[in-house]
Structures are given as C-alpha cells and as structure tokens.
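Here is the structure we will look at, set down as structure tokens.
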Ligand SMILES: Nc1ncnc2c1ncn2[C@@H]1O[C@H](COP(=O)(O)OP(=O)(O)OP(=O)(O)O)[C@@H](O)[C@H]1O
Ligand SMILES: [Mg+2]
C-alpha cells in the first residue's frame with residue numbers, strides 16, 4: 001500500500017490571487033480505487049483547490065503529479081485530456097439536449113462521409129444508454145429524452161458515467177449531493193462507489209458528514225485554505241468530523257449555545273452569523 005504511486009498527488013501547493021492567499025501548503029494523495037473526501041466550511045478553499053487540479057487555476061507554488069509525473073495544465077481541456085474529470089453540483093450537462101447528445105457533447109458518432117456526414121443518433125443513444133445502465137442507472141432507457149427532464153440525481157449520475165466512459169482516471173465531484181434529497185443522494189453515492197470499484201481516484205467534496213462517511217476511504221479537512229486534519233476511514237467518529245468541519249468548535253457546544261439562546265429568546269433561533 002505505502003509504496004503504491006498515487007494516481008494524483010499535490011505537493012505543497014499554494015494558491016494566491018494577487019495579494020490574497022487562498023491555499024497554503026496543500027499536500028494530498030489519492031490512490032487508484034480510493035475516495036478522498038474533502039471537507040470544509042464555506043470559503044475554506046475547496047473549490048479553489050479542485051479548480052487548481054482541473055487546470056482552471058495554476059498553482060502559485062508547489063506541484064501536481066499524475067501517476068508520479070509532475071504536470072502543469074494551462075487550460076482545463078489539458079487536464080481533461082489527461083483524464084481529470086470534474087462534475088459540478090448540477091451535473092454540468094445541458095438541459096435542452098437529449099441524453100445521447102449530451103453524453104457525447106462534441107465527440108458525437110457520425111455516419112456517412114465528408115459533406116454527407118450526419119450525427120448518428122441511434123448509435124449515440126445506444127452507447128449512452130448502455131454506458132449509464134452499466135453503471136446501475138437503469139431508469140435511463142431512452143437516449144432521446146432531454147437531460148432537463150432528469151432528476152438532479154440522475155443528471156449527476158449521468159455526468160459521472162459519462163466521465164468514466166471517456167476514460168477519466170481522476171473524478172472530482174464538487175458537492176454532487178448538496179442539492180439532492182435523501183434518496184437521490186443515496187443513488188449518487190452508489191454511483192460514486194461504482195466509480196471507485198472501477199479503479200478511479202475520486203475526490204469528493206461535501207458539507208455533509210454522513211455522505212462523506214458513506215463513500216470515503218480518506219478524509220481531509222480544509223480550514224482557511226490549509227489542511228487542518230487528514231485521516232483514514234474509521235479513525236474519527238461522525239461527531240469528531242463535524243467538529244473539525246466547524247473549525248474546531250465543538251458542535252455539541254454550538255448546539256447547546258443555540259438552545260440556550262432559544263430558551264432566553266422566546267423560542268427564536270439566533271440570527272445567522274456571516
Ligand atoms: N478568483 C479569486 N480571486 C480572489 N479570491 C478568490 C478567488 N476565488 C476564490 N477566492 C477566495 O478564496 C476563498 C475560498 O473560496 P472557495 O470558493 O475555494 O471556497 P469553498 O471552500 O469552495 O467554499 P463553498 O463551500 O462556499 O463552496 C474565498 O475567501 C474566496 O473569496
Ligand atoms: Mg465551493
């Protein structure tokens with residue numbers, strides 16, 4: 001285990017935007033078939049970190065290694081071509097496209113030749129439906145349906161199946177379950193486990209400790225742009241993880257102070273602190 005080359009690794013990565021330092025000395029590794037959960041409160045730097053991995057931003061200092069080789073992406077497309085796929089909160093697919101079209105977006109199969117080349121709808125639909133069904137998304141059986149008509153969970157799952165189909169090795173999921181209800185979130189978590197079983201290195205960002213615990217092998221908590229804790233599955237309890245995410249404050253203390261406030265304020269909840 002210890003000497004396996006990670007699929008993706010960050011070594012002492014810093015990211016600043018002009019005078020604003022957002023990420024500090026980030027070092028992380030993700031092996032094949034492992035899920036790293038990246039936890040942290042709003043503004044901790046999670047999105048900045050994954051944008052740096054996905055070629056949207058370049059690190060100010062430090063290195064990114066893919067299969068042990070240093071890489072530098074000047075555009076997101078370069079990262080994608082090297083197998084780093086990012087799926088955003090709403091699946092990143094196109095609501096007005098059919099499932100078949102959106103699955104291939106830009107690389108559609110064609111039939112005919114030269115100027116007579118046309119989009120091969122049947123083939124696109126067949127491949128797309130097969131790929132998503134293989135992933136356990138059996139409710140998608142018609143490639144002509146519009147993506148906009150799918151549920152949030154199905155859209156997320158479609159985006160994940162698509163990334164895997166096109167050869168992604170690193171799958172970055174930025175809050176894929178944030179906008180979903182319990183059942184749909186469970187469905188997406190199952191798809192994440194399937195991606196892991198297929199050997200991808202997955203980076204899963206979430207605010208929800210239960211979702212993290214359902215899929216994570218390894219956890220990193222980001223606080224104000226630095227890794228505040230880094231541990232493996234089973235090393236911390238759900239309460240400890242929640243406390244870490246709250247920036248080291250005990251959630252139990254926080255809850256009791258909210259209760260105290262409510263008792264002395266006629267049952268009203270405290271105003272939000274922002
Ligand atoms: N392009 C930028 N220029 C300047 N500051 C930025 C830029 N992008 C992000 N930041 C700052 O970096 C910090 C981290 O932002 P980021 O979006 O990475 O947080 P996050 O952990 O993803 O938060 P959330 O949970 O709300 O999505 C914030 O304070 C943000 O204002
Ligand atoms: Mg974010």
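Taking the C-alpha atoms only, the angle from helix 152-165 to the longest principal axis of the chain is near 60 degrees.
Only beta bridges with both residues in the chain are counted; by DSSP, about 55 percent of them are antiparallel. The ranking of 127, 64, 84 by Cβ neighbour count inside 10 Å, starting from the fewest, reads 127, 64, 84.
Exposure proxy shown here: for 204, 17, the number of other Cβ atoms within 10 Å sets the order, fewest to most, as 17, 204. Listing 219, 231, 116 from fewest to most neighbouring C-beta atoms within 10 Å gives 116, 231, 219. Label-to-label distance, residue 117 versus residue 144, with points set 7 angstrom from Cα along the beta-carbon direction: 2.6 nm. May I ask for the angle, rounded to the nearest 10°, between helix 251-264 and the longest principal axis of the chain, with both axes built from Cα atoms and the value confined to 0 to 90°? So the inclination is approximately 70 degrees. I need the calculated FRET efficiency for the pair residue 217 and residue 71, taking r as the beta carbon distance and R₀ as 22 Å, to the nearest 0.05. According to the calculation, E is roughly 0.40. Once C-alpha pairs closer than 8 Å and six or more residues apart are averaged by separation and normalised to the residue number of region 19-119, the relative contact order reads 15 percent. Per residue, the average separation of C-alpha pairs within less than 8 Å and at least 6 apart gives region 177-249 a relative contact order of 22 percent.
Relative to the dominant Cα principal axis of the chain, helix 182-197 is inclined by about 70°. Each Cα pair under 8 Å and six or more residues apart adds its separation to the average, and for the chain the resulting relative contact order is 23 percent.
Inter-part distance, region 1-54 to region 108-178, computed on C-alpha centroids, equals 28 Å. Taking a point 7 Å out from the Cα of residue 88 in the direction of its Cβ, the residues of region 198-215 whose backbone N falls within less than 16 Å of it are 205. Extending each Cα 7 Å along its Cβ direction at residue 226 and residue 183, get the distance between those two points in nm, one decimal. The modelled label-to-label distance comes out at 4.6 nm.
Throughout, read-outs are computed from the coordinates displayed, never taken from laboratory work. Only a predicted model underlies this, so the values are computations on that prediction, with no experimental measurement involved. With ideal geometry, Cβ positions are generated from the backbone for all residues, glycine too; neighbour counts draw on all protein chains shown.
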